[in-house]
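Novice: Just dropping this structure here.
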Amino acid sequence: MTASAQTTGAETALEVDGLVKRFGNLTAVDGVSLKVRAGECLGLLGPNGAGKSTLIRAMVGRVIQDSGRVMVMGQAAGSTEARMALGWVPQELSIYPRITCRENLGSFGRYYGMKGAKLRGAIAWCLNWAALEDKQNEVARNLSGGMKRRLNMAAGMLHRPKVVLFDEPTVGVDPQSRNRIFEMIEALRDAGTAIVYTTHYMEEAERLCDRIAIIDRGRIIAEGTKEELVAASFGRRSQVVARLGGKAETIAAWAKRHGGHVKDEAVELTIEQAGEIAPLLDDATKSGLELEDLSLRRPNLESVFLHLTGRELRD
């Protein structure tokens, strides 16, 4: 059974309703509404400055909204009950470098009021979840970048929250550690945890997220599964990726004339039917361009993002 099927009818774990947050004349979050169910991973994607960070901080209760509300397991964000139901793993590492992994987790557990057998059990679970059992007595500063990241994630999970916000948890880690982090997040989701996941890596969103919400200029401009977003943006159109030899300005002009754009030195555009390819290539030849490579594929999530925002995810 897929995660999406499992969450059908599941309780709403996190709800954002008509959230507005202004900083002077700047409206950072402009009427955002979202719901995340138990056992669901929602990807929150947006270019830099789109309002993601402010929205996440409002969910945590670190930002007081001008209007609207955020509810965590039915409790107002920032309340004691909401804080105990919520886990937040920020992008910045927040571990103590001079003490061991076990001591780090013990310190964070005590912040949540945990002690005795309950704390020991939580530490054991977190070490196992993060695959750090064999490093539990290692001083944190001696860990690899990926291990530090996993320890940082574990520190936010000691109280076993029902809702977890992960803010770009794979930044700066090697491919092996990134894959382990994926497995950690998938295990949480499969156990019924509601997850909000922000990333600048589109392939991560495609692998981990049941639904995607795209935020731009403070508003949610699209929301749905990957398939729903592709269908809404492109219908049954296919994507042509063509590498052309010639002057860069001529290639860019040709791409624009046909409703496409240049990315990574290749032209990307969409067509309704394969029969449209021949006229496109004829026009390229007339423009003095030489075809070097061509592929036809269905648009993906990155295509949707660029189509809706006019920017790539890392911009």
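What follows draws every value from the coordinates through simple rules; no lab data is involved. What you see is a predicted model, and the numbers here were worked out from it, not measured in a lab. Cβ: placed from backbone, ideal geometry, glycine included. Neighbour counts: every protein chain shown.
Novice: Would you work out which of Leu44, Ala82, Gly106 lies farthest towards the positive end of the dipole of segment 3-230? Charges go on Cβ: Lys and Arg +1, Asp and Glu -1.
Specialist: Gly106
Novice: Taking only Cα atoms, what is the 0 to 90° angle, nearest 10, from helix 145-155's long axis to the longest principal axis of the chain?
Specialist: 50 degrees
Novice: Right, here's the next one. Per 0.36 nm of contour for each residue apart, how much would the distance between Leu308 and Ser287 grow if the chain were fully extended, relative to their Cα-Cα spacing?
Specialist: On the way: separation 21, 0.36 × 21 = 7.56 nm, distance 2.89 nm.
Length gained, Leu308 through Ser287: 4.7 nm.
Novice: Going by the alpha-carbon gyration tensor, a ≥ b ≥ c the square roots of its eigenvalues, is segment 1-116 rounded (a/c under 1.5) or, if a/c is not under 1.5, prolate (a/b greater than b/c) versus oblate? Kindly include the intermediate steps, with their values, before the conclusion.
Specialist: Values: a/c = 1.78, a/b = 1.29, b/c = 1.38.
Note, shape of segment 1-116 comes out oblate.
Novice: To continue, here is another question. Under the classification rounded if a/c is under 1.5, otherwise prolate if a/b is larger than b/c and oblate if not, where does segment 82-177 fall, given a ≥ b ≥ c as square roots of the Cα gyration tensor eigenvalues?
Specialist: Since a/c reaches 1.5 but b/c is at least a/b, the shape of segment 82-177 is classed as oblate.
Novice: Still on this structure: Send over the semi-axes of the chain's equivalent ellipsoid, whole angstrom and largest first, taken as the square roots of 5 times the C-alpha gyration tensor eigenvalues. Spell out each step's value before the answer.
Specialist: On the way: eigenvalues 347, 105, 61 Å².
Result for the chain: semi-axes of 42, 23, 17 Å.
Novice: Provide the descending list of Cα extents for segment 116-237 along its principal axes, expressed in whole angstroms.
Specialist: Principal-axis extents of segment 116-237 (Cα, largest first): 55, 29, 25 Å.
Novice: Roughly what angle does helix 101-111 make with the longest principal axis of the chain, taking Cα atoms, 0 to 90 degrees, to the nearest 10?
Specialist: The helix 101-111 is inclined about 70 degrees to the chain.
Novice: Quick one: if you stick a label point 7 Å off each Cα along the C-beta vector at Glu11 and Gln75, how many nm between them?
Specialist: 1.2 nm
Novice: Please compute the net charge surrounding Leu165, taking Lys and Arg as +1 and Asp and Glu as -1 over other residues with Cβ under 13 Å from its Cβ.
Specialist: On the way: positive: Lys52, Arg57, Arg62, Arg83, Lys162; negative: Asp167, Glu168.
That works out to +3.
Novice: To the nearest 10 degrees, how steeply does helix 277-286 sit against the main Cα axis of the chain, on a 0 to 90 scale?
Specialist: Helix 277-286 sits roughly 60 degrees off the main axis of the chain.
Novice: If we sort 242-248, 12-18 on the protection proxy, mean other Cβ atoms within 10 Å, highest first, what's the order? List each step's numbers first, then the result.
Specialist: Details: 242-248: 15.9, 12-18: 19.3.
Most protected by this proxy first, the peptides run 12-18, 242-248.
Novice: In what sequence do Lys286, Lys256, Lys52 fall when counting other Cβ within 10 Å, fewest first?
Specialist: Working: Lys286 9, Lys256 13, Lys52 23.
Result, fewest neighbours first: Lys286, Lys256, Lys52.
Novice: Pulled fully out, how much extra length does the chain show between Arg98 and Val262, if you take 0.36 nm times their separation in residues and subtract their Cα-Cα distance?
Specialist: On the way: separation 164, 0.36 × 164 = 59.04 nm, distance 4.81 nm.
The Arg98-Val262 span can extend by a further 54.2 nm.
Novice: Now, a different point. Under a point spin-label approximation (7 Å from Cα along Cα-to-Cβ), what is the Val139-Leu26 distance to one decimal in nm?
Specialist: It works out to 4.0 nm between the two label points.
Novice: Turning to a different aspect of this structure: At a Förster distance of 35 Å, what's the computed FRET efficiency of Arg217 paired with Trp125, Cβ-Cβ distance as r, to 0.05?
Specialist: Working: r = 41 Å, r/R0 = 1.16.
Computed FRET efficiency for Arg217 and Trp125 comes out at 0.30.
Novice: Shifting gears a bit: What ranking of Glu203, Glu276 emerges when the number of other C-beta atoms within 10 Å of each C-beta is taken as an exposure proxy, fewest first? If you can, show how the numbers build up before the last one.
Specialist: Details: Glu203 12, Glu276 16.
Final ranking by Cβ density, sparse to dense: Glu203, Glu276.
Novice: Separation between the Asp66 and Tyr112 pseudo-spin-labels, each 7 Å from Cα along Cα→Cβ, expressed in nm?
Specialist: 3.5 nm
Novice: If you take every DSSP beta bridge fully contained in the chain, what fraction is antiparallel? Give it as a percent rounded to 5.
Specialist: That works out to approximately 70 percent antiparallel.
Novice: Could you tell me which of rounded, prolate or oblate describes segment 209-306, using a ≥ b ≥ c as the square roots of the eigenvalues of the alpha-carbon gyration tensor, with rounded for a/c under 1.5 and, failing that, prolate when a/b is larger than b/c and oblate otherwise?
Specialist: prolate
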